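Q: Structure incoming, see below.
Bear in mind these aren't lab numbers, they're just calculated from the coordinates by the rules spelled out. It should be emphasised that the depicted structure is a prediction, and the values quoted were computed from it without experimental measurement. Here Cβ is always computed from backbone atoms with ideal geometry, including for glycine, and neighbour counts include all displayed protein chains.
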Amino acid sequence: MAMQSDPLPETRLDRFLEYFTILGFALKHGNSPSSIASLYHLAKLKRGLVYRNLARYAPEKIHQISFRAGAGRVWGIQVRDNGQDAPMLVEFFRNGPLAELQRLEWKPRVIYDLGANIGIASMSLAALFPDARIYGFEPEPANYEICSQNYSNLPNAQALNCAVGSSSGTMIFEITDDARGGRLTANAVINTIHQIKRIDVPVWTVEDLVKIKGLAPPDFLKVDVEGAELDVLNGLGVCAKGIKQMHIETHSTELRDKCVGWLSLNGFEIKKELRYTQILGALWAERLKADLH
């Protein structure tokens, strides 16, 4: 298993060069002068202006960017003016968290994006694997509304307004002041982000999504569910046997250790581990070749 250490502290030169790097990204992916300008402004320039108290974010404002996704594909991608959506677009399409997938010796046929947010990770997966069937799961209503619009770019994808956990039913979901989403209240202890309100959301296990909802069983999972990652694993049931690889964001060291234990007991090995902060990291897990069928 390879461990990626914490990155070196960012220097002033690094920050300066980042302006040119993101400008290059905007020129490469923006499909019109206005989209290039919007992408560069939202992904980089505005963050500096807000930091200097020269501007404010307007999260209620939604920008549509005509985005060149490669292979002749042009998508109309919606992002909010919140300091997170546009940088996330850059992150996922520029050697981001899922870049490891480019080195796979196989192509996923069915991908589950658990914690889809506004669909940016799913779109990056669709750019890599255009023939894959993609299901995205996002319980937070505002995120889901934009996610479903972004999924309209993907002919072989479906967004579902629900959470995924260890049992099917209804649970309380806490909407927070973080635009990346919220959390099921059962997992709130590991996340101290300020709560705004609570809503009831449907929760499904992966096994029931396949057995009852009739979804195709996954062979790749991307899991970013704000502390419910072990619940997702416990709800896989018989579907676990068909999964070849997972990318799991872990939101505490305790959850990381429990997920590693579950993976080891269920025929997976950790191929790579990323560490973003002392408590936040990610696991790349792959089914042992002896267990593949």
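Q: Using the crude model of +1 on Lys and Arg Cβ and -1 on Asp and Glu Cβ, and no other charge, please compute the dipole size for the stretch 1-80 relative to its Cα centre, in debye to 20.
A: In debye, rounded to 20, the stretch 1-80 gives about 300.
Q: Which order results if ASP257, ASP85, ASP131 are arranged by neighbouring Cβ count within 10 Å, fewest first? Mind dumping the intermediate values first?
A: Numbers: ASP257 12, ASP85 25, ASP131 9.
Ordered by Cβ neighbours within 10 Å, fewest first: ASP131, ASP257, ASP85.
Q: Sticking to Cα atoms, compute the Rg of the stretch 95-291 to one decimal and its Dmax as the biggest Cα-Cα distance, whole number, in Å.
A: 15.5, 47
Q: Ranking ASP208, ASP231, ASP113 by Cβ neighbours within 10 Å, fewest first, what do you get?
A: Neighbour counts put them in this order, fewest first: ASP208, ASP231, ASP113.
Q: Still on this model: Would you work out if the stretch 1-80 is rounded, prolate or oblate? Take a ≥ b ≥ c from the square roots of the eigenvalues of the alpha-carbon gyration tensor; rounded if a/c is under 1.5, else prolate when a/b is larger than b/c, oblate otherwise.
A: oblate
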